[in-house]
Amino acid sequence: MASPANLILNGGRAALVAAVVVMAATPWLFSATHVVLLTEFMSMLVLAIMWNLLAGYADIVTVGQHAYVGVGAYAFFGFAALWGVNPYLSILLAGIVAFAIAVPTMLLVFRLRTAYLAIGTWVVAELLMLAAGKLSAWGGGSGTSVPISIILYFGRARDVRLATIYWLAFGLAASAMSVTYFLLRSRIGIGLTAMRDNEEGAAAIGVNITFARILCFLGTAPFLGMAGAIITLQKLRVAPPASFSITDWTVLIIFNVVIGGIGSFEGPIIGTIVYFVLRQYLADLGAWHLIILGTVSIAVILIEKRGLWGLVRRLLGDDLIPIAHKPSAMLTKQHTG
Amino acid sequence: MLELASLSRAFGGLVVINRVDFKVDAGEIVGILGPNGAGKTTLFNLIGGVLPPSSGRILFEGKDITAMRPWHRCRLGIGRTYQIPKPFTHMSVFENVLAAAMHGGNMTLTSAKAEAERVLARVGLAHRARLPAGRLGLLDMKQLELAKAVALRPRLLLLDEIAGGLTEAECDVLLGTIRELHGSGITIVWIEHVIQALRRVVTRLAVLSGGSFIAAGRPDQVLADRRVKEAYIGT
Ligand SMILES: Nc1ncnc2c1ncn2[C@@H]1O[C@H](COP(=O)(O)OP(=O)(O)OP(=O)(O)O)[C@@H](O)[C@H]1O
Ligand SMILES: [Mg+2]
């Protein structure tokens with residue numbers, strides 16, 4: 001039926017498809033400034049999707065996700081700049097190194113729950129940052145710039161280079177979204193969604209909680225690592241406090257996901273959009289923009305735990321991106337009334 | 001089928017289950033009665049693996065499952081409902097049951113969908129299939145608990161107070177469903193305060209009081225037992 005809610009939902013879906021098409025063509029459509037901004041948007045989106053999967057579904061409330069971004073950045077620099085590996089391949093390898101770091105971290109951190117787990121992830125991230133500061137080939141505590149030869153590898157002309165880096169970020173964000181979509185539609189994803197709503201209840205219907213947690217923790221690491229590599233291409237530098245920035249790669253991401261809607265597919269996307277829109281207006285405020293975002297996210301949580309999307313979804317009654325499985329039309333028709 | 005051997009559980013100093021020895025044979029419908037706080041739900045939590053016992057062992061079909069995680073027990077064939085329902089509030093009623101059929105029931109998406117529709121029709125929730133489970137009333141939520149447990153295709157089904165608050169007609173329907181499930185080969189253990197409902201279907205009645213079974217046997221015999229009457233009058 002063409003109820004107003006359905007019209008809005010279908011309009012939203014059409015807008016979404018249009019947005020994806022426009023995003024795929026960004027370098028041909030927009031100025032260099034906007035391409036740079038949208039590259040940053042795509043990287044932030046990847047981080048938001050991953051944090052949401054961990055904290056929103058698998059109940060792994062990590063405040064150490066910047067560890068994998070930093071590890072990815074340092075691994076990328078190592079492969080590409082120090083060991084002469086092909087720069088594209090180095091991005092992939094950055095993901096693999098992040099995965100390799102996630103395995104022992106998981107063995108350590110999964111012994112802890114809730115607040116202790118959060119502290120554990122943070123401590124691991126800080127240790128990794130301190131260790132990165134000891135790597136003299138990476139410039140030690142003050143870091144170093146990405147060599148010109150590697151920058152030029154992604155395009156001799158500036159706009160070609162910006163376009164290439166943009167498409168890398170876009171590709172990563174698109175695959176993060178598709179992987180999450182298919183994961184959530186799968187058997188394991190249905191279990192994850194059940195865990196999100198009631199963990200004990202999920203265990204009681206046979207959802208293997210431990211396996212789901214391991215899968216999410218290890219599955220997000222390569223995405224975070226590759227995001228770290230791409231972020232390095234944007235910043236053209238590695239340095240411990242910047243590459244392992246808790247503010248940029250964890251705290252800000254938490255705010256965005258909470259504002260957009262934790263535990264939903266749409267939440268991190270909406271949160272990241274809201275952040276970039278707000279930032280255009282709050283840019284002059286410097287460090288204040290973090291304080292304002294934090295305050296907004298607390299306000300949102302108090303009004304609706306599931307963020308802006310939770311609020312809108314209640315009115316619309318369905319998801320924008322159809323993750324949920326529906327019964328056949330027959331069932332509800334036969335038994336109404 | 002199920003064997004509890006000298007099973008105990010204490011919370012701090014409070015012993016809630018006290019050296020319980022109990023057996024359930026395949027094909028039985030065992031009713032469990034007992035005053036509030038007797039430890040009935042705790043017993044299910046131990047069997048389901050939500051709580052570890054302080055001591056003792058649990059065997060299912062001859063296999064020691066004492067240290068097994070809840071989801072493994074579920075996949076072995078132990079399904080349960082919760083006295084306080086645990087719905088997946090933001091998923092639809094349909095998806096709640098689908099999740100159970102796919103995980104505990106180990107079905108593919110296609111057969112799990114068919115199973116979920118069948119089970120929802122059976123417990124009378126088909127017309128609510130698209131509703132978020134969190135919006136159900138308490139009685140419907142209890143039916144959803146039953147639907148989820150049935151979709152697991154369990155061999156042993158543990159029911160914790162699912163008849164409270166039903167009208168007589170609704171209760172008859174529920175008893176019909178339970179007989180049907182039993183007829184399809186499921187062994188049932190049912191905790192219930194509604195004695196009249198229990199005695200109509202159970203093959204055996206057991207009374208838990210103060211963490212131990214004080215009587216077990218044919219329903220009329222058990223209900224006539226002096227100690228059982230005392231336990232109930234005492235509350
Ligand atoms: N997780 C827990 N922590 C501490 N005490 C608990 C816990 N679970 C149960 N208890 C205590 O154990 C005792 C038995 O509780 P239980 O829920 O098993 O009783 P019950 O027989 O199911 O009662 P009812 O008929 O009211 O459902 C109660 O005194 C209760 O407070
Ligand atoms: Mg109880």
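The values are calculated or read from the model by the stated rules, or taken from the named source; none is laboratory data. What you see is a predicted model; the values in this text were computed from it and never measured. Cβ atoms come from the backbone with ideal geometry, glycine included; neighbour counts cover every protein chain shown. Keep in mind that these areas ignore ligands, DNA and RNA; they rest on the heavy atoms of the full protein, side chains included. Shrake-Rupley method; radii C 1.70, N 1.55, O 1.52, S 1.80 Å.
General observations
- Of the residues B:Arg80, B:Arg118, the single one that is among the charged types (D, E, K, R), facing chain A (nearest Cβ under 9 Å) and within 22 Å of B:Ser184 (Cβ to Cβ) is B:Arg80.
- On inspection, B:Gly105 does not qualify as over 16 Å from the mean Cα position of the chain (by Cα), at positive phi and more than 16 Å from ligand 2 (Cβ to nearest atom).
- Looking only at residues in region B:161-189 that are under 11 Å from the mean Cα position of the chain (by Cα) and at pLDDT below 95, the one that is farthest from B:Gly37 (Cα to Cα) is B:Ile162.
- Subset of region B:84-108 (residues that are within 7 Å of chain A (Cβ to nearest Cβ) and closer than 17 Å to A:Leu184 by Cα): B:Phe88, B:Thr89, B:His90, B:Met91, B:Ser92, B:Phe94, B:Glu95, B:Leu98, B:Ala99, B:Ala100, B:Met102, B:His103
- Taken over region A:176-227, residues that are more than 14 Å from every other protein chain (Cβ to nearest Cβ) and crowded, with 21+ Cβ neighbours inside 10 Å amount to 12.
- The single condition among (1) touching a Gly at 6+ places or on another chain (Cβ under 9 Å); (2) not assigned by TED's automatic domain parsing to the domain that holds B:Pro53 that B:Gly134 does not meet is (1).
- If you filter region A:240-252 down to residues that are open to solvent by 10 Å² or more (accessible area, probe 1.4 Å) and aliphatic (A, V, I, L, M), you find that the one that is farthest from B:Gly104 (Cα to Cα) is A:Ala242.
- Tally of residues being within 21 Å of B:Ala38 (Cβ to Cβ) and outside any loop (DSSP other than H, G, I, E, B) across region B:190-200: 7
- The residues in region B:29-60 that are within 9 Å of ligand 2 (Cβ to nearest atom) and aromatic (Phe, Trp, Tyr) can be counted, and the count is 1.
- So A:Leu320, is it at pLDDT below 85, more than 11 Å from chain B (Cβ to nearest Cβ), open to solvent by less than 50 Å² (accessible area, probe 1.4 Å) and at negative phi: no
- Summed over region B:96-121, residues that are closer than 12 Å to B:Leu131 by Cβ and without any contact (Cβ under 8 Å) to a residue 12 or more places away in the chain total 0.
- Some residue of region B:208-228 being within 16 Å of ligand 1 (Cβ to nearest atom), touching a helix residue (DSSP H, G or I) at 6+ places or on another chain (Cβ under 7 Å), farther than 18 Å from B:Gly37 by Cβ and at pLDDT 85 or above: no
- Taken over region B:181-217, the criterion of being closer than 22 Å to B:Ala5 by Cα and of a type in the set (Lys, Arg) is satisfied by B:Arg204 alone.
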